[in-house]
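Inspection log for the structure reproduced underneath, given as structure tokens.
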Amino acid sequence: MHLPSRSLTRLGMTLPVRHSSSVTNPSKARHVIPIHQHSLPKEFVATGVHCGIKKKATVLDLGLVLSTAPIAQTSSAACFTRNAFKAAPVTVSANVLEQSKGRARALVLNSGCANAVTGKQGISDAWAMSKATDKLLKSEESSFPSTMVMSTGVIGQNLPIAKILAGIESASSSLGSTPDHWNRLAQAFMTTDTFPKIRARAVDIAGTNVRIVGIDKGAGMIHPNMGPAPAMLPLHATLLGLLATDAKISPSSLQNALTYAVERSFNSISVDGDMSTNDTIIALANGAAGGVEIDEHRTPNEFKQFRDELTKFAVELAQLVVRDGEGATKFVTVSIKGASSFEDAHRVASTISTSALVKTALFGEDANWGRILAALGRVPLSAPIDPTRVSVSFVPLDGSEPLRLLVNGEPQNMDEARAKTIISEEDVEILVEMGMGNEEANYWTCDFSHLRSRDIDHVIHLSASLNHYSQQCGQLRIHFLPTTVMSESDIPFLLHITYKGVNHDISILSSETLESLQDHIYEKTAVPPSFQKLLYKGKKGDIDTPISEAGLQNGTKVMLLGSTEQDVGLMKATEAEKKRKDEVLKQRGLKRTAGVRNTYKPQISSYRFHRLEPLRHLPRPETALSLLKRLSEDPAILHVMQLHKFSVGLLTELAPHEHPHLLGLNENAGQAIKLRIRTDAYDGFRLYSEVRRVLCHELTHNVWGNHDDNFKTLNSQLNREVAEYERTLALNTHSLGGETAAFVHEIEAEAEGVIGGSYVLGGGTVSDALTSESRDERRRRILEATASRLQQEEKQIEDMCGMMAPKGNIASPRKTSRQTRISFKPTKRDAAPIKAKAKAKSKSKSTTKPPSDSESSSETESLEINREQQQVTTTDVLDVHDKIGKYKRYYKETRELTNKKAPNQPKVYQMLRVFDNTYDFGPCVGMTRLERWQRAQALGLNPPNEVREILLTEQGRTDPELVHPVFYGQVL
């Protein structure tokens, strides 16, 4: 962890501070080894981006890695720091691991700010990072969090969470699985590191090719002591690491393998002996390699092989951290052999590796092995050590015999020159043989050189943040006794900045200027200094005025007004788009309107409307005929009829008394189509677009009867083809070979509409429509709303649609149900007899002449109602009151259906009225009662025989009140 370079100059110091980039120390470039695609695990994506935590735009400070494999085959594990002051991301990641039961699939990390000792706000920010990344896992929904979090950088400062969340959203578009994507992720890990630390390899586990990639970071504050999450063991750099593999392994086995590997790798290194608050090593396995699942109990051999390969891989990564240690000039291996237990061997190696005396002797290339024995002698062991069995040696790199310094407690005549040669190398190995058992352990460390800038950084940082630490730590108090008394101008101030309801605490020295304060504010809020307006009590000054002279005191509350660069960019983009559209409209207004070129050439075809007939007795019949003619000659409608070979015998309007609840009616699969083209006032007409949409619906009934999925699919296809044809004309284009231009569905066209908004500088961000949801969310919302509207319109048409099916129609008729209950109010009939002319006119309406062409004639012949029974003659006299009870059974059924007897009405009339109002036998308009009975019989609808007997009597064939249904002649 580190501080910005300006922190070093506050006390008049000038120290070199390394900046994170790809390779900042050329001497370390040899440790950077290229990775290859065939070694990278399958079904992982990763990236690294700059989100603004670090000032330099070329430095990456945010990384993501996600598994795209199913949740069921994903496993995760982690080891966390055991430091008492665990950082917020450590706490959140442990909770994610516990809640997901080892099924976490993603990692988000930031560098530049550790989010450590940041209280409740730090926890909230870490959870926000986790949840924002969870939204990118779109393949499956899960009830538990799936993203773990890492942070590294400065302690005691809150994250610029707005920048990070925006960075996560933008980083989602740059995710990938190539070596470059993984290298960018490794660079996002870096803080004071001088090179990215990444390795990848493929290993064979029981015949399965398993790939693994590893990334870690660390150069200072390195002395890890990590373990599993608190739910399993008590919790130890800043060392962060990721191990991602496509191996198929159970969560518990992955955790045990990782714990074993970490203890022998990352927990076996030390640079400066300081344990971090953020140390975390995370392992992700997605099972994409396939094969048998590795399990510690079911497949112990495969588990041991995987654990050992993971350990070797982790050791290589851990060693890279030591090689990049701050101020280090040597890489030192401390090997302990002959211990009674691994724990004893590890404890001895750790003590020797962290001994300041040993490390400074190595830097001075002094073979003072007494310091090694002194460190060994103070280690608490499980059994007392026997000094007479201890041996110490220096191991040369050339493979020659070790240089014996102490053998079985006896000092050896040391070759000073050879000792000097061995420890003057960059890589040095110290071998200690304890003579107590067979266990061994290795530890890797470095020397102590002159430059230890990290220690100075820590003192400066704690001094400048004393007040902040006191508030965060509660009972903990930190006191400094400086040898040099700070001047009044160096008093640290803590200012409380409020921006858009969010509080930001900024630590700054009283001697710094307002310009420096604006820079701090920019880092926290992303509001550029030129857009900032600070409101606080006290006198103001220019940007060069010191904080102490600008009316600011320790604890001052400041209100910030201003807009971020993103807000301003969106505002400018919106204004530019508005100007562009205004200019386009202006230019269109100046141009002469160009006529649309219509390449449609009417041709005489059998696939058309053969006859048009308005209702002449209604007002403005010529207008009705004009509307019907327009529909029949509509190029798009005719285009659809040609494509699907539709032929309609008669196109007419639906009379006001015919099914008032219907908008259209298709009789006998195209024999006649009736449309409600008039408004309720009869002298007005409905919109052409609405009538045409109903016409498309009724044309669909030429093929399908019921409103099932087949019907809806064809109906949608017809509407698309109509829209596509019209769009071709609107674009003034035509195509060869009958092909049409590309079609843009109505829903998609609406979704591309522009949502406007306004902007107020300093008063908030862009309008709610632009800030509260992304473009994809707006598009989805509009699509859903438009689709819902169209579905409602189509449902309305279906509800207001009737269909008369011929014999053999593919639509399945409904079964007759005598339990259907009908309520009606008797209507007084006109006492005067209906004129024969009106009767003949009604018959002409209900009878459709077949088309003149052969194809339509053949269709019509198949749809003709068998009228042979109409020739039956009888001289039976009809008793309309049925005094002898001839129709007693049927009359009883009609009484059950209506629940009452119509007043002053003969039984026969009541039975016929019930027959008319029973829709189980099909529509009753446009034909006589006998014709309706015969059609229902032909369709297998089982109409009552009593009705046929009544209608075949002399009165039934001659009395208009018996011949025609109840609605006949009501509207004239």
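The values are calculated or read from the model by the stated rules, or taken from the named source; none is laboratory data. Because the structure is a prediction, the values reported are computed rather than measured. When we count neighbours, we look across all protein chains shown, and the Cβ atoms used for this are built from the backbone with ideal geometry, even at glycine. Surface areas here come from the heavy atoms of the whole protein model, side chains and all, with no ligands, DNA or RNA. Shrake-Rupley method; radii C 1.70, N 1.55, O 1.52, S 1.80 Å.
Things worth noting here:
- Spread of Cα-to-Cα distances over 10 Å intervals beginning at zero, given as percent, for segment 623-706: 18, 55, 25, 2
- Long pairs among 55/500; 28/330; 135/524, criterion Cα-Cα beyond 19 Å: 55/500; 135/524
- Above-threshold pairs, the threshold being 19 Å between Cα atoms, out of 537/557; 540/572; 217/248: 540/572; 217/248
- Segment 56-118 and segment 236-297 have Cα centres separated by 13 Å.
- Residue (of 57, 133, 121) at the positive-pole extreme of segment 44-142, dipole from beta-carbon charges: 57
- Principal axis extents of the Cα atoms in segment 345-408, from largest to smallest and rounded to whole angstrom, are 35, 25, 18.
- Dipole check for segment 84-133: with +1 at the C-beta of Lys and Arg, -1 at the C-beta of Asp and Glu, and the Cα centre as origin, the magnitude is about 180 Debye.
- Computed on protein heavy atoms with a 1.4 Å probe, the accessible areas place 720, 323 in the order 720, 323, largest first.
- The slack in the chain from residue 543 to residue 502, taken as 0.36 nm per residue of separation less the alpha-carbon distance, amounts to 12.3 nm.
- The peptide list 105-117, 82-94, put in order of mean Cβ contacts within 10 Å with the highest first, becomes 105-117, 82-94.
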